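Everything below concerns the one structure shown next.
The values are calculated or read from the model by the stated rules, or taken from the named source; none is laboratory data. Note that the coordinates shown come from a computational prediction; the quantities given were computed from them, not determined experimentally. Reconstructed Cβ throughout: ideal geometry from the backbone, glycine too, with neighbour counts over all protein chains shown. What goes into the accessible areas is simple: the full protein's heavy atoms, side chains included, and nothing from ligands, DNA or RNA. Shrake-Rupley method; radii C 1.70, N 1.55, O 1.52, S 1.80 Å.
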Amino acid sequence: MKALYTSAQCRELDRLMIEQEGVAGFELMLRAGRAAFDELLHRWSGIRSVSICCGKGNNAGDGYIIAGLAQEIGLEAQLLQVGDAAQLSGDAALAKAWAEERDVVPSQGDAPFTGEVIVDALLGTGLSGPLREPFKTAVEHINASGLPVLAVDVPSGVDADTGAVADAAVRAEVTVSFIGAKLGLHTGPGLAARGALVQAGLGVTDAVLAQVPGCPWLQFDAAELPAPTVNQHKHDMGHLVVVGGDAGMGGAPLMAAEAALRTGTGLVSLLTRPEHQAAILARRPELMAQDADNAERATELLGRASAVVVGPGLGRAPWGERLLRLALAAGKPTVIDADGLRWLAELEPRPRGELIITPHPGEAAALLGTSSTEIEADRPAAALALARQFDAVAVLKGPGTLCAADELLGLCAHGNPGMATAGMGDVLAGVIGGLLAQGLDSQRAATLGTCLHGWAGDQAAQRRGQRGLIATDLFDFIAEAVA
């Protein structure tokens, strides 16, 4: 996949396939039904019966096709019609007639399930706002059944554009999605609801895809890293200064600094509490640790920096606010993370210059003056709001990390639940800061750094397992990636 699409963009892809490629709408529906049915037989090869829940739109048409295909090979197909079947129109009505020719007889939507697997063909991309009756009850009925579920295109209750779940959503074991990859299946709660994801292109051509620019699907590419030269000097690869580490939090800036070294940054310095210096140098003697309480030396060091990371372990005491202001006054390309973001939310006037912010949903909520729930309700919109309000490149962390500037720069294809642990954000800030110090502009540093970090996390999880994964496990894999 090269891009992710909204539901409106997917409808446009459908239209272009019909009008430019000459593929009839009903033929696309047949292809969708067959793709979902093939996955059903592949995943549950020994079943003898299936229950298909259908609504009133094109998603229901896909469900009727699945029921007809099941009947053709002798599976017992129970089709539960939720809502008035008379409202089916266009290709969905053709699909209903096609299925009835194969002896599919719709039952009332609230009938007990008789199948070994449930197919969710209630809403697909047709959700608008919270679930309404009778669909809310149907979703609850599916989830309470304890049966495995295959969702058609999008689990009912998931917003295909944002991944949000307003009140309830089908919990699928697998989702078979069609034509364009849906943005809402790759970020936010939609990730958990979808289960495994199978993307079925249904024959969509590159010529059609090229006409609908979606949100870029970002994957790590080592070729985008700064290329070393045979006669380079360490100063050619940049000097990053990491600022943070209030009392008891010296590990956070240390992880950020070591991550920057692993990306190939030529020089990395830390400004931190003096009591952390000995431990930092013992752990990683390649780093230069300076006393942040010496204002003159700190100002001089920041003046020599190529880029700055401020925030890891910065704390919420006045010491942290002073250092954030000092770091921003240097006017260097800057990554703000962790406690630095909490201070940024309160800072007046807001800083200007080349800025990257890396909030998780809680920090994003503080920056935008809202709640984490509101952030998760529309992560793409939140990422864009962060970027625009702070005139920055925003990296909104979490499942389906998003990068945004004036527009969505993309969604990171990498990352796993094992990375939800202390210190991962510090490592990410260091990776992005290291690339920024090496001369990448803020957009490239943010997108490439996010993908490098996620790729390293996936490699670590594959080789060591997700459970028990810790932030410093990524260092070897970051080094492997940049090598």
*Which is hydrophobic (A, V, I, L, M, F, W, C), in contact with a Phe, Trp or Tyr (Cβ under 8 Å, 6 or more places away or on another chain) and open to solvent by less than 40 Å² (accessible area, probe 1.4 Å), of 240, 202?*
202
*Looking only at segment 104-128, which residues are open to solvent by 40 Å² or more (accessible area, probe 1.4 Å) and assigned to a helix (DSSP H, G or I)?*
125, 126
*What number of residues within segment 31-60 are assigned to a helix (DSSP H, G or I) and without any contact (Cβ under 8 Å) to a residue 60 or more places away in the chain?*
5
*Give segment 48-74 a look and list any residue that's over 16 Å from residue 96 (Cα atoms) and out of contact with any strand residue (DSSP E or B) (no Cβ under 6 Å at 6 or more places or on another chain), or say none.*
48, 73, 74
_Verdict on residue 25 being out of contact with any Cys (no Cβ under 8 Å at 6 or more places or on another chain) and under 17 Å from residue 122 (Cα atoms)_ = no
*Quick one: which residue in 295, 222, 207 is within 30 Å of residue 30 (Cα to Cα), touching a residue at least 24 places away in the same chain (Cβ under 8 Å) and not acidic (Asp, Glu)?*
207
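Output the strands (runs of 3 or more DSSP E) that fall wholly within segment 391-463 and possess 1 or more residues being free of Cβ contacts under 8 Å to residues at least 40 places away in the same chain, open to solvent by less than 10 Å² (accessible area, probe 1.4 Å) and under 22 Å from residue 215 (Cα atoms), or say none.
393-396, 402-404
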*asked:* Regarding segment 129-145, can at least one residue be identified that is of a type outside the set (Lys, Arg), in contact with a Lys or Arg (Cβ under 7 Å, 6 or more places away or on another chain) and either in a strand (DSSP E or B) or open to solvent by 10 Å² or more (accessible area, probe 1.4 Å) (or both)?
replied: yes
_Quick check on residue 71: is it touching an Asp or Glu at 6+ places or on another chain (Cβ under 6 Å) and open to solvent by 20 Å² or more (accessible area, probe 1.4 Å)?_
yes
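Please find, within segment 7-30, the residue that is farthest from residue 131 (Cα to Cα) out of those that are part of a loop (DSSP other than H, G, I, E, B) and touching a residue at least 24 places away in the same chain (Cβ under 8 Å).
Looking at the filtered set, the residue picked out is 21.
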